Amino acid sequence: MKFELPKLPYQMSDLQPHVSSETLDFHYGRHHKAYVTKTNAMIEGTKFANATLEQIVQESEGGLFNNAAQAWNHTFYWNCMTPANQTTPPKGGLLESIKRDFGSLEDFKKSFTQTALNTFGSGWAWLVKEKSSQLLTLVSTSNAENPMRQGLVPLLVCDVWEHAYYIDHRNDRAKYLEGFWNLINWNFVEKCYQKNEIENLTAQMTAAH
Ligand code: FE2
């Protein structure tokens, strides 16, 4: 199937002042779009021509994997954020699990921030759920790598490629992360927390808004 660049769940200016319109314009309109375009070109005439994006992310390698995973990761990342004036704090089972596995919400934020800061070069910082134990853990991945390939359920991600923050903060990743915490769509994180099946995650991206 041909993949489309999914619509952003907000306007380009809605994440300001933490993420500028110019950053979103480049990051979504150029980088993300290019990953989708290249994925479509690379699956043509292959066994992945009719696969879902999740199948491609889990089963492909090399250049196709890089582009398909980047397409998926960015869609997930956009959905993890919402305009700062629309955020609501985490609650219910998600909050209980965060407290159980990290001590407190503040401790979780500190650990996640550290994971993001310690991600060397280009990559992603993830909060994930282990399917069997239901425990929450933090994962740092390089380049396009995605924790679904280890059987983990992604709940929250932060893009720490420099293209996510260079326009706004130059090389100051810490400053970008400070802003990120003002934009978390905890409702979306909670929807992911309630799921255990990877194939449902994309479908709920639109349902969570
Ligand atoms: Fe990115």
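Quick check, is residue 27 touching a strand residue (DSSP E or B) at 6+ places or on another chain (Cβ under 9 Å), within 24 Å of residue 143 (Cβ to Cβ) and either modelled with pLDDT under 95 or assigned to a helix (DSSP H, G or I) (or both)?
Working: touching a strand residue (DSSP E or B) at 6+ places or on another chain (Cβ under 9 Å): yes; within 24 Å of residue 143 (Cβ to Cβ): yes; either modelled with pLDDT under 95 or assigned to a helix (DSSP H, G or I) (or both): yes.
For residue 27, the condition - touching a strand residue (DSSP E or B) at 6+ places or on another chain (Cβ under 9 Å), within 24 Å of residue 143 (Cβ to Cβ) and either modelled with pLDDT under 95 or assigned to a helix (DSSP H, G or I) (or both) - is met.
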Going through the range 144-155 one residue at a time, which ones are within 16 Å of residue 56 (Cβ to Cβ), open to solvent by 10 Å² or more (accessible area, probe 1.4 Å) and in a helix (DSSP H, G or I)?
-> 149
Lone unmet requirement of (1) of a type in the set (A, V, I, L, M); (2) within 16 Å of the ligand (Cβ to nearest atom); (3) buried (at least 20 other Cβ atoms within 10 Å of the Cβ) for residue 167 | (3)
Every listed condition ((1) within 16 Å of the ligand (Cβ to nearest atom); (2) open to solvent by 50 Å² or more (accessible area, probe 1.4 Å); (3) hydrophobic (A, V, I, L, M, F, W, C)) holds for residue 72 save (2)
What pairs can you find where one residue is in the range 106-117 and under 18 Å from residue 183 (Cβ atoms) and in the same structural domain as residue 128 (by TED's automatic domain parsing), the other is hydrophobic (A, V, I, L, M, F, W, C) and open to solvent by 30 Å² or more (accessible area, probe 1.4 Å), and their Cβ atoms are less than 7 Å apart, with a gap of 6+ or different chains?
-> 108/102; 109/181; 112/138; 115/138; 117/174
Selection within the range 3-32 - within 11 Å of the ligand (Cβ to nearest atom), of a type outside the set (Lys, Arg) and open to solvent by 50 Å² or more (accessible area, probe 1.4 Å) | 26, 31
Could you give every pair whose Cβ atoms fall below 8 Å, whose first residue belongs to the range 1-22 and is free of Cβ contacts under 8 Å to residues at least 40 places away in the same chain, and whose second residue is open to solvent by 90 Å² or more (accessible area, probe 1.4 Å), counting only separations of at least 6 or pairs across chains?
-> 5/33
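Tally up the residues in the range 156-178 that are closer than 23 Å to residue 94 by Cβ and not in a strand (DSSP E or B), please.
Residues of the range 156-178 that are closer than 23 Å to residue 94 by Cβ, as a first pass: 156-160, 177-178.
Cutting the leftovers down to not in a strand (DSSP E or B) gives us 160, 177-178.
Looking only at that region, the number is 3.
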Candidates 40, 50, filtered to the one that is open to solvent by less than 60 Å² (accessible area, probe 1.4 Å), more than 21 Å from residue 157 (Cβ to Cβ) and more than 16 Å from the chain's Cα centre (by Cα) = 40
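Conditions (1) away from the ligand (no atom under 16 Å from the Cβ); (2) surrounded by 15 or more Cβ atoms within 10 Å (Cβ to Cβ); (3) in contact (Cβ under 8 Å) with a residue 40 or more places away in the chain, marked per residue:
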{"residue": "80", "(1), (2), (3)": "no, yes, yes"}
{"residue": "87", "(1), (2), (3)": "yes, yes, yes"}
{"residue": "94", "(1), (2), (3)": "yes, yes, yes"}
{"residue": "102", "(1), (2), (3)": "yes, yes, no"}
{"residue": "119", "(1), (2), (3)": "no, yes, yes"}
{"residue": "127", "(1), (2), (3)": "yes, yes, yes"}
{"residue": "142", "(1), (2), (3)": "no, no, no"}
{"residue": "157", "(1), (2), (3)": "no, yes, yes"}
Determine if the range 7-19 includes at least one residue that is β-branched (Val, Ile, Thr), assigned to a helix (DSSP H, G or I) and out of contact with any Pro (no Cβ under 7 Å at 6 or more places or on another chain).
-> no
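The values are calculated or read from the model by the stated rules, or taken from the named source; none is laboratory data. None of these values were measured; they are calculated from a predicted model. A quick note on method: Cβ atoms are made from the backbone with ideal geometry, for glycine too, and the neighbour counts reach across all protein chains shown. These area figures cover heavy atoms from the full protein model, side chains too; ligands, DNA and RNA do not enter into them. Shrake-Rupley method; radii C 1.70, N 1.55, O 1.52, S 1.80 Å.
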